[in-house]
Every structure is written in C-alpha cells, then in structure tokens.
1. I need the full set of residues from the stretch 167-184 which are exposed (fewer than 11 other Cβ atoms within 10 Å of the Cβ), touching a residue at least 12 places away in the same chain (Cβ under 8 Å) and among the hydrophobic types (A, V, I, L, M, F, W, C), in order please.
2. Looking at (1) under 18 Å from LYS107 (Cα atoms); (2) touching a residue at least 40 places away in the same chain (Cβ under 8 Å), which one does ASN152 not meet, given that it meets all the others?
3. Among residues belonging to the stretch 35-60 that are modelled with pLDDT under 95 and among the acidic types (Asp, Glu), point out the one that is surrounded by the most Cβ atoms within 10 Å (Cβ to Cβ).
4. Is one or more of the residues making up the stretch 7-25 crowded, with 16+ Cβ neighbours inside 10 Å, in contact with a Gly (Cβ under 7 Å, 6 or more places away or on another chain) and at pLDDT below 50?
5. Taking the criterion of being charged (D, E, K, R) and out of contact with any strand residue (DSSP E or B) (no Cβ under 9 Å at 6 or more places or on another chain), would at least one residue in the stretch 141-151 satisfy it?
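The values are calculated or read from the model by the stated rules, or taken from the named source; none is laboratory data. Because the structure is a prediction, the values reported are computed rather than measured. Ideal geometry is used to build each Cβ from the backbone, glycine not excepted, and the neighbour counts take in all protein chains shown.
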Amino acid sequence: MYFFCPPHSEYASKQPVMSIQFNLAHGLETRTIESSDYDFLYQLYASTRVDEMVSMGWSEEEQHAFLTQQFEFQHRYYQEHFSDAQFWVLLREAVPIGRLYWWVRNKHAALIDLSLMPAWREQEIGTAVIQSLVEHADKHGLTISLYVESTNPAYRLYLLFGFEVVRDNGMHLKMRRHAREKYA
C-alpha cells in the first residue's frame, strides 16, 4: 500500500505533538526507523512502484536511478515537513515487513504512509493496522486524514472504516474520518 503525504501546512499548529502507543494485531510490532533501515525503506518504496516502472519501458539502470531519486526526495520531504511525526518500521517476528508514518497534533492525525513489502500484502495486515489506528483515534477523539491515489485498492478499505472523500484532485483523494464514540 502506498499513501500520498498530506501537505504539512494543512495541520500546522503550535500545540505539541501527541505520541501514541497502540496494540497491533497479527503479531506486529513497531520501532522507530534508524539509519540502518535505509536500504529496506528504499526496497519497500521501490516495490510500491513496480507496475509504474514496467509501464515506462526504462532499463533497470534508469529505473534504479529514478526510484533512488524519488525515494530520497520523499524521505527528505517527510523528515523535514513532518519532523515531529512517528516514523516506524513494521516488524513481524523482528523482521521488517513495512513502514507506518503517523502524525498527531491536537485532535488531528494524519496517516502519512503505510506500506508493506509484497510478500506481506493481501494478508489482512493493512486492515489490522488501520483498525488499530482507528481505535486509537476514537479513544482519543482524533480526526484522521490521509491521501490515497485514486486507483489504490486501499481506497475501498478506507471506506469500510468510515473514511469519506473530502477532496479529489484527479490523482489523489483526500479522505477524512472523524472520531466516533464507539467503533463497531
């Protein structure tokens, strides 16, 4: 799953960021990304763009150069514009399988990115992570926003969790889910 980052200015505030702890199902754990995760994070990023690269007709060298540049731009952007976000590697049995980038301030949360390596997709892991985030948001009265590509299959998952489209720019959908007193 790949999720487009919301512009930081939409949520700018002088209030401190709320750090969260939550339980993940499926034996998942999180840990803060480290410099030693860079290669894994690149491979994960590249795996989200495989179909796009195939359609470009580029050589492997051209693809690698493009993906490296785009990954570095994205990584730097997230680190600079969401410096107070939680940047986690998702682990299963201590093995990195994905990433979760989550930002909270006041009563608003942004799901910046949730991505899983191909071998871990379509196993209800993304669903479990979203459910954990939604339960946490409901417990703390947080509205969650995210951006998703309009063709991303995760769009249907978000609808199931009560997210609504609030903006469509033709490529990305901005979705929002307001906190609920009781999540069913």
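1. Hit for the stretch 167-184 is MET171, nothing else.
2. Status for ASN152: all satisfied but (1).
3. Per the stated criteria, the residue is GLU52.
4. Looking through the stretch 7-25, none of the residues is crowded, with 16+ Cβ neighbours inside 10 Å, in contact with a Gly (Cβ under 7 Å, 6 or more places away or on another chain) and at pLDDT below 50.
5. Residues of the stretch 141-151 charged (D, E, K, R): 149.
Still in the list and also out of contact with any strand residue (DSSP E or B) (no Cβ under 9 Å at 6 or more places or on another chain): none.
No; the residues of the stretch 141-151 include none that is charged (D, E, K, R) and out of contact with any strand residue (DSSP E or B) (no Cβ under 9 Å at 6 or more places or on another chain).
Yes/no matrix, rows are residues, columns are (1) in contact with a His (Cβ under 8 Å, 6 or more places away or on another chain); (2) farther than 21 Å from TYR45 by Cα; (3) surrounded by 15 or more Cβ atoms within 10 Å (Cβ to Cβ):
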residue	(1), (2), (3)
HIS108	no, yes, yes
LEU111	no, no, yes
LEU116	no, no, yes
VAL129	no, no, yes
LYS139	no, yes, no
ALA154	no, no, yes
GLU164	no, yes, no
